[in-house]
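First comes the structure, then the notes that go with it.
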Amino acid sequence: MGAILTGIFEPGFFTSEPVRVAVIVGGAVSLVSAVVGVFTVIRGQSFAGHSLGDLGTTGGSGAFLVGANPLWGFVIFAILGAGAMELFGARRPRGRDMATGIVLGAGLGIAALFLYLGTTHSNTTGATITILFGSMFVIRSSMIPVFALLSVLTLAVVALLYRPLLLSAVSQDIASARGVPVRLIGALYLLAMAVAVSLSCVTIGAILSTAVLIGPAAAALRLTKRPGLAIAWAAVIGLAVTWLGILLAYDSYYWPPAGRGWPVSFFVVALILVVYLLADLANGQKARRAGARAIASDKGPGVVAGRAWPSSPGEPGAE
Amino acid sequence: MTDTFRPGVRDEEILSLEGVSLWLSGREILHDVGFSLHAGELTGLIGSNGAGKTTIFRVILGLETPSAGKVLFAGHPRPRRNRSVGYVPQSIGLDPDVPLRARDLVALGLDGDRFGIPLPSRSRRQLVDEMLEAVDARGFADARVGKLSGGELQRTLIAHALIAKPRLLLLDEPLANLDIRSEQEVVGLLAKIAKAHAIAVLISAHEMNPLLPVMDRVLYVASGRAASGPTEEVVREDVLSALYGHHVDVLHVHDRILVVAGKDETHHAELERTHTVVPRGLG
């Protein structure tokens, strides 16, 4: 038993300071992203979520260039980007997508410039990898309170907006007619998404932040049809893939090519893909079982449709 | 089921529009529209596409502000948070994957405009169950909203609107995507709701046939103008001709009434779309 545990948790895993920080910060950030991501998927704003990560790159690389903490670069630029999308974007999703695309292109261009200047100036490519693909193991423990505060704030905004967000996802007109300030709710949600994405830009990387935003949420949507449960599932999946990814990355120090270790972001993203595929598979199985049950109990699709109207039993196809 | 609704007074005026005109980007969409809706009555908002039906809804819902005229709810201006109007849109753009069951959608009708996460509550659940029962939706209460059929979604949305105990229920083309049987069921359900709970119901439709058996009044819209009253007083040659601004025939054919363009009609194409058949007994 002990030997198996040592095999899974390589020596030093529980005593390593970088691992401790990664478990706390990485876990919290993935959880926040997963929860926020459920509404990103429901609202069909995956593209905006991805763009916020790319815009964050501009800020993160800029911060790196001037020697500041990349987190603030990510946060400030993602929020500015969210503001720009909100300003340019019409209420129609099409207008929003085009506005997002235009802002996005400009942001990535500037990021390319910053990263080029930064790496040629300091003669190191490590920073580029850190900005684009993240690294949980280089986060300083002094940053834990900052990450914790931003995480709690973001979760609080989503909890506050929970019902109006669902209602406006169903119909903007119904929500407006009921007095929900749809535009303001959308803007606040975009702000929460900007913060969530910039946090994951630091841990998992700007390029991969979309994966922790969308992946756990998309898997959760396959597993349940209840909104509250979907959020709980997404949170659990986000936390699990991140912690497992950290463990695998730590263990991979002994994998070929030995002595280097594989990047934690790779493991997290790979695990998200596996979880999504499994969830999709489980969902398919469930649907097939339900279909088989209906046929076995002599209730074909005709009756399933027909039961909608019990007062008119003579429907053709119901027999 | 009955006691979940606020007891209403029959024939009480719920809503009135007085001389409402609306200009949008230099075009007059509504011209001097005036009518009133009463508790317990089902009114059909009839007109062809682009006649102004949806705009009238948007004005009532407060999504458009009239350029002139008044919109009064029981004699008072519209409050900002208006729970007294239930709205069932023609369609909702919900992805099939969205984790929302029919019962969740109904519950959102109760408190979807509130902030924060709802706490599980027995009375809330009971109310949702009663509403699902009222629209005969128990059978698919736990199905994903995105997977409901047109008729099922329509009834879920009606329950969603009704649970807030509105005085007025607006339905935008509720029969548009339904087969004939579902059409009759939804119409019957709405008539029952209007009468039993003294709610004013306004249903828009481009075809008035399915509504005739239950319609107390008609609100006929053409070219941004409206005429309202009992069906037999509005669906008449002189009234509709004045509304369209050119001659319209109201023909009686095999116990039905057909609204068609006159012989020397220049706006023939428009009227082709608006022709309406009315059974004689009702018209």
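Things worth noting here:
- Note on residue B:63 and residue A:285: the model spin-label points, each 7 Å out from Cα along the C-beta direction, lie 4.3 nm apart.
- Largest-first principal axis extents of the Cα set of the stretch A:18-300 (Å): 71, 48, 31
- Here the gap between residue B:142 and residue B:252, fully extended at 0.36 nm per residue and compared with their Cα-Cα distance, gives a gain of 34.9 nm.
- Its Cα gyration tensor gives the protein assembly as shown an equivalent ellipsoid, and the semi-axes of that ellipsoid, as √(5λ) in whole Å with the largest first, are 55, 28, 20.
- If you look at the Cα atoms of the stretch A:30-121, you get an Rg and a Dmax of 13.9, 43 Å.
- Förster radius 30 Å - calculated FRET efficiency between residue B:239 and residue B:25, Cβ distance, rounded to 0.05: 0.50
- The angle separating the long axis of helix B:102-111 from the principal Cα axis of greatest extent in chain B is about 90 degrees.
- Principal-axis analysis of the Cα atoms of chain A puts helix A:27-42 at an angle of about 40° to the longest axis.
- Mean sequence separation of contacting Cα pairs (under 8 Å, at least six apart), scaled by the length of the stretch A:2-142, corresponds to a relative contact order of 29 percent.
- Cα-Cα separations in the stretch B:2-234 greater than 26 Å, expressed as whole percent: 36
- Pairwise FRET efficiency - residue B:232 versus residue B:176, Cβ, R0 = 45 Å, nearest 0.05: 0.95
- When both the stretch A:226-280 and the stretch B:53-86 are represented by their alpha-carbon centers, they are found 52 Å apart.
- Entries of B:165/B:192; B:147/B:192; B:147/B:195 with Cα pairs more than 21 Å apart: B:147/B:192; B:147/B:195
- Computed from the Cβ-Cβ distance with R0 of 30 Å, the FRET efficiency linking residue A:86 to residue A:66 stands at 0.65.
- Chain B: angle of helix B:122-134 to the longest principal axis, Cα-based, in degrees nearest 10: 30
- Note: relative contact order over chain B, using C-alpha pairs below 8 Å and six or more positions apart, is 24 percent.
- Once the chain from residue A:15 to residue A:156 is taken as fully extended at 0.36 nm per residue, the excess over their C-alpha distance is 47.5 nm.
- For chain A, relative contact order (Cα pairs under 8 Å, six or more residues apart, normalised by length) works out to 26 percent.
FYI, it's all coordinate maths here, none of it is from the lab. What you are looking at is a predicted structure, and each value in this text was computed from that prediction instead of being measured. Positions of Cβ are backbone-derived with ideal geometry, glycine not excepted, and every protein chain shown enters the neighbour counts.
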